[in-house]
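Chemist: Take this structure first; my questions come after.
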Amino acid sequence: MANSTCPQPMKATSNGSFQGDSPLEFALPLAILQICLVVVLTRSLAFLLRPLHQPRVIAEVIVSFPASLFFQPRIFLRPSALGRNKAFLNAVFPKQSMTVLDTLANIGLLFFLFLVGLELDLNSLRRTGKRALSIAIAGISLPFFLGIGTSVVLRNTIAEGVRSAPFLVFMGVALSITAFPVLARILAELKLLTTDIGRMAMSAAAVNDVAAWILLALAIALSGSRSPLVSLWVLLTAAAFVAIVAFVLRPLLARMARHSLEGEPVKEVYICATLTTVLAAGFITDTIGIHALFGAFVVGIAMPKEGPFAGVLIEKVEDLISGLFLPLYFVSSGLKTNVTTISSGVSWALLVLVIFNACLGKIGGTILASLIMKVPIREALTLGFLMNTKGLVELIVLNIGKDRKVLNDETFAIMVLMALFTTFITTPIVMGIYKPARKAAPYKHRKIERADTDSELRILACFHGSRNIPTLINLIESSRGTRRRGVTVYAMHLMELSERPSAIFMVHKARRNGLPFWNNKKESVIPNTNGGDQIVVAFQAYQQLSHVTVRPMTAISDLHTIHEDVVTSAHQKRAALILLPFHKTLLVDGSMESIGNEYQHVNQRVLHYAPCSVAILVDRGLGGSAQVSASEVSYSVTVLFFGGSDDREALAYGLRMAEHPGIVLTVLCFVQPPGSPSFLSIRMGADQLSNDNECIARLRERVAESTNGSIRFEEKVAGKKEGIVSAIKGVVRCNLFLVGQRAPVMPLGDRIDCPELGPVGSYMAASNSTAASVLVIRQHDPSAMATPLVEEVAEDALSPDTPLAGGSGHGEFNPL
């Protein structure tokens, strides 16, 4: 009889199916199957939810909450769906495996809460202004009191018999929580994190998060025993633990952080000691009686945020925890949730009541406090919906309440649905009611070809990673010219905003520097493991050795919207040229490999919305794999001239490069023989032909004036595309080709794979065309501009722009 009611514990490993053992009857292979199943289901759902125009974090939240038959993969893992299939439930999630599953899930959650604590900065809490503090207090108080009122209604209907005090506190905490990590990702993906409203929301959410954990500790202490003295003892011991962490552990962690120097690997013993400390803190708080998660969260808050130590810790932990172990916690929660308990009319009415009170308390309290603090009504409404965001912390509170027998199945399901609904509505409503205006002053020099040739040339040079740096610096060096006002380069590192904690950590670190996305201090916003410091050092070293002003910048955004950052930055920095990297990189065998179609689409969108000229660099190693000093620059540059505005822009850029003593410029002007078929794809107008003739006439004068032979002019007669291809391949020594994007010529290849490069550039980017780098240039055309992303306003309505050339290498930048 005992064997029928108490199943035998599972052994760890099997002898294999050939020995007659089923892997589903052993703990390790079963846990592996469960992890794989969960990861596949959650990632598949996140992929399917992309077309809903929600930030990716919303997909994670939906995955987190077993709420809907249509949007929740964990619906298949609970009693409501596949969980009803007893054979499937007993085979994949047998009762014997639940202890192992829960243990793995809580270990993952333990380290994830440590990462959440790392995202919170106590120094920023001390700097919280009166507005944010008032909003935070109102956003906690009103929903907490409404939660108390809601608990009274629930206790008289579906939660009869539960203890009053713990239930009251749990309901108040559940309704008053704002999910700090989820809010950070929503703000970042909506590009609101750098705005005033984003800064207020983040400051208020940080205060809210700390207060929620204090209230949660109180709720856990009250739920653990019926004796008030025991609960008081638990709270006092927890307070002592926090004090020990603050005054004993924090200085030790700070010492390890100080010994972790920039540009050097962090010692393995420091990483091991810190992760062991997280586990030990979890053990202590679990022994106290306030849950192991509390200890990990407190250690995360105590971690120093300066230097590379915190960034390296995040890099070491985040992928394993967020990718594999954390989803197990969602499964563990999903197996406890049965939405079918919400079946009667009373249950659905209570669900509506809970959602209404949650929204009324959080949104209403935030709006009321905002209006009192003189925040405009539109911003106040936006803040209300942002502060109503729930997330993983909400799910933790509900699960602890269920484990402590404070919440029954029906109450738990109602609260989970409430959390899902309030989070899901945040993004579409905020997008509908608030769109921060991007403003910039109008400016004159939007292209390289200009009458005022002595004016400063401003370039926004974008790059994906450190492999682009040598060619980029060598190209900048070649472009500096000899004019009194030379070149100012804004070197923008394009980084995809991922769902990793490190991505938000980067944004927070930039925000602490005063201007998010654009770093205005010498420390990089990029964790040391990603090579960000080396990138900044490379630009700083180049600036010290040259007459070029270089200002490193970082744009962290989703690839679908990062073009907005590029276009806005170009407008606000008054750039004449946006320099973009090609979406293909050079392999050892000389072929070109794509790094992703998303990057190609980024280039296409920048071309569509750019307020100035745009150039796409096909990098085949200009100057080799290292930066070349100014005295050693020796490049041969060739301009392919067919006619039209883009070719004139390419020629203007080439003539500027020819001012460098180490550059030899060759201009190949293609003309067609009389009476032969034209190689032109379009018939150019009289104005274009006149401008081309004037440009060639000025070029001939420059060639005649050139005493050192640095500028050469050749006419190539070509009647068909075969003649053009033959002439291009006949260029013996060339390091860089300059071509126009809209060259009026028929496609030189069988097809145009990259329309953003045009007919000539697309051929030159092919693997078998040339071994030289190619710069494809499109001149700014005001008549062809799409709907602008930036609103032009009078300059006196803006904050001061970046300093003029010759100023500091890191200027004060306007936020996006």
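The values are calculated or read from the model by the stated rules, or taken from the named source; none is laboratory data. All values derive from a computational prediction rather than experimental measurement. Virtual Cβ from ideal backbone geometry, glycine too; neighbours counted across all protein chains shown. Ligands, DNA and RNA are stripped out before the accessible areas are found, and what is left, the full protein with its side chains, is counted by its heavy atoms. Shrake-Rupley method; radii C 1.70, N 1.55, O 1.52, S 1.80 Å.
Chemist: Could you identify the single residue in L193, L253, L249 that is outside any helix (DSSP H, G or I) and within 22 Å of E306 (Cβ to Cβ)? Spell out how you get there, then give the answer.
Modeler: Details: L253 fails: outside any helix (DSSP H, G or I); L249 fails: outside any helix (DSSP H, G or I).
Sole residue among the options that is outside any helix (DSSP H, G or I) and within 22 Å of E306 (Cβ to Cβ): L193.
Chemist: Additional query: Tell me yes or no: at least one residue of region 146-157 is part of a helix (DSSP H, G or I), closer than 18 Å to T366 by Cβ and either in contact (Cβ under 8 Å) with a residue 12 or more places away in the chain or touching a Ser or Thr at 6+ places or on another chain (Cβ under 7 Å) (or both).
Modeler: Yes, some residue in region 146-157 is part of a helix (DSSP H, G or I), closer than 18 Å to T366 by Cβ and either in contact (Cβ under 8 Å) with a residue 12 or more places away in the chain or touching a Ser or Thr at 6+ places or on another chain (Cβ under 7 Å) (or both).
Chemist: While we're here: I need the strands (runs of 3 or more DSSP E) fully contained in region 661-767, keeping only those with at least 2 residues that are closer than 21 Å to S613 by Cβ and either in contact with a Ser or Thr (Cβ under 6 Å, 6 or more places away or on another chain) or at pLDDT 85 or above (or both).
Modeler: In region 661-767, 663-671, 736-740 are the strands (runs of 3 or more DSSP E) which contain 2 or more residues that are closer than 21 Å to S613 by Cβ and either in contact with a Ser or Thr (Cβ under 6 Å, 6 or more places away or on another chain) or at pLDDT 85 or above (or both).
Chemist: Something else: Here is a check on your reading of the model: is Q534 farther than 26 Å from V731 by Cβ and either at pLDDT below 90 or surrounded by fewer than 23 Cβ atoms within 10 Å (Cβ to Cβ) (or both)?
Modeler: yes
Chemist: Among the residues of region 774-787 satisfying the criterion of being modelled with pLDDT under 75 and open to solvent by 60 Å² or more (accessible area, probe 1.4 Å), which is farthest from C612 (Cα to Cα)?
Modeler: My answer is T787.
Residues checked against (1) open to solvent by 10 Å² or more (accessible area, probe 1.4 Å); (2) hydrophobic (A, V, I, L, M, F, W, C):
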residue: G361; (1), (2): no, no
residue: P376; (1), (2): yes, no
residue: G384; (1), (2): no, no
residue: I396; (1), (2): no, yes
residue: N399; (1), (2): no, no
residue: R404; (1), (2): yes, no
residue: M418; (1), (2): no, yes
residue: H445; (1), (2): yes, no
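Yes/no per residue for (1) closer than 28 Å to L392 by Cβ; (2) small (G, A, S); (3) in contact (Cβ under 8 Å) with a residue 24 or more places away in the chain:
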residue: A211; (1), (2), (3): yes, yes, yes
residue: L216; (1), (2), (3): yes, no, yes
residue: V234; (1), (2), (3): yes, no, yes
residue: T237; (1), (2), (3): yes, no, yes
residue: L252; (1), (2), (3): no, no, no
residue: I271; (1), (2), (3): yes, no, yes
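Chemist: Can I ask one more? Counting only residues that are modelled with pLDDT of 75 or more and outside any helix (DSSP H, G or I), which one in region 74-105 is farthest from Y329 (Cα to Cα)?
Modeler: Only one residue tops the list, namely P94.
Chemist: May I ask you to say which residue of L579, L587, L607 is of a type in the set (A, V, I, L, M, F, W, C), more than 30 Å from V717 (Cα to Cα), modelled with pLDDT of 90 or more and surrounded by fewer than 23 Cβ atoms within 10 Å (Cβ to Cβ)?
Modeler: That would be L607, the only listed residue that is of a type in the set (A, V, I, L, M, F, W, C), more than 30 Å from V717 (Cα to Cα), modelled with pLDDT of 90 or more and surrounded by fewer than 23 Cβ atoms within 10 Å (Cβ to Cβ).
Chemist: Grab the helices (runs of 4 or more DSSP H) fully contained in region 390-493, keeping just those with 3 or more residues being more than 26 Å from L655 (Cβ to Cβ).
Modeler: On the way: elements: 392-403, 409-424, 426-433, 469-479.
Ranges flagged: 392-403, 409-424, 426-433.
Chemist: Exactly one of (1) open to solvent by 10 Å² or more (accessible area, probe 1.4 Å); (2) of a type in the set (A, V, I, L, M); (3) closer than 29 Å to A221 by Cα; (4) under 26 Å from the mean Cα position of the chain (by Cα) is unmet by L351. Its number?
Modeler: Only one criterion is unmet by L351, namely (4).
Chemist: Same structure, new question: Can you name the number of the only condition in (1) at pLDDT below 65; (2) assigned to a helix (DSSP H, G or I) that E564 fails?
Modeler: All conditions are met except number (1).
Chemist: Now for a different question. Checking G384 against (1) without any contact (Cβ under 8 Å) to a residue 40 or more places away in the chain; (2) within 30 Å of the chain's Cα centre (by Cα); (3) not in a helix (DSSP H, G or I), only one condition comes out false. Which one?
Modeler: (3)
Matching residues to (1) within 17 Å of M415 (Cβ to Cβ); (2) open to solvent by less than 40 Å² (accessible area, probe 1.4 Å):
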{"site": "T276", "(1), (2)": "no, no"}
{"site": "F283", "(1), (2)": "no, no"}
{"site": "A292", "(1), (2)": "no, yes"}
{"site": "A296", "(1), (2)": "no, yes"}
{"site": "M303", "(1), (2)": "no, yes"}
{"site": "D319", "(1), (2)": "no, no"}
{"site": "F325", "(1), (2)": "no, no"}
{"site": "T340", "(1), (2)": "yes, no"}
{"site": "N357", "(1), (2)": "yes, yes"}
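Chemist: Same structure again: Kindly evaluate S333 against the criterion of being within 30 Å of A159 (Cβ to Cβ) and open to solvent by less than 10 Å² (accessible area, probe 1.4 Å). Break it down into steps so the answer makes sense when it comes.
Modeler: Numbers: within 30 Å of A159 (Cβ to Cβ): yes; open to solvent by less than 10 Å² (accessible area, probe 1.4 Å): yes.
So S333 passes the test.
Chemist: Within region 185-194, identify whether any single residue is surrounded by fewer than 24 Cβ atoms within 10 Å (Cβ to Cβ), of a type outside the set (S, T, Y) and closer than 26 Å to A246 by Cβ, and answer yes or no.
Modeler: There is no residue in region 185-194 that is surrounded by fewer than 24 Cβ atoms within 10 Å (Cβ to Cβ), of a type outside the set (S, T, Y) and closer than 26 Å to A246 by Cβ.
Chemist: Follow-up question, since we're still on this one. Only one of (1) open to solvent by 20 Å² or more (accessible area, probe 1.4 Å); (2) part of a loop (DSSP other than H, G, I, E, B) is not met by L232, so which one is it?
Modeler: L232 satisfies all of (1) open to solvent by 20 Å² or more (accessible area, probe 1.4 Å); (2) part of a loop (DSSP other than H, G, I, E, B) except (2).
Chemist: Turning to a different aspect of this structure: Just give me the residues in region 736-779 being β-branched (V, I, T) and in contact (Cβ under 8 Å) with a residue 24 or more places away in the chain, in sequence order. Write out each step before concluding.
Modeler: Quick first cut of region 736-779, residues β-branched (V, I, T) only: 739, 745, 752, 760, 770, 774, 776-777.
Listed by number, the residues that qualify are V739, V745, V760, T770, V774, V776, I777.
Chemist: Right, another one. Conditions first: (1) farther than 24 Å from A771 by Cβ; (2) at pLDDT below 90. M592 passes all but one, so which condition is the exception?
Modeler: If we test M592 against (1) farther than 24 Å from A771 by Cβ; (2) at pLDDT below 90, just (1) comes out false.
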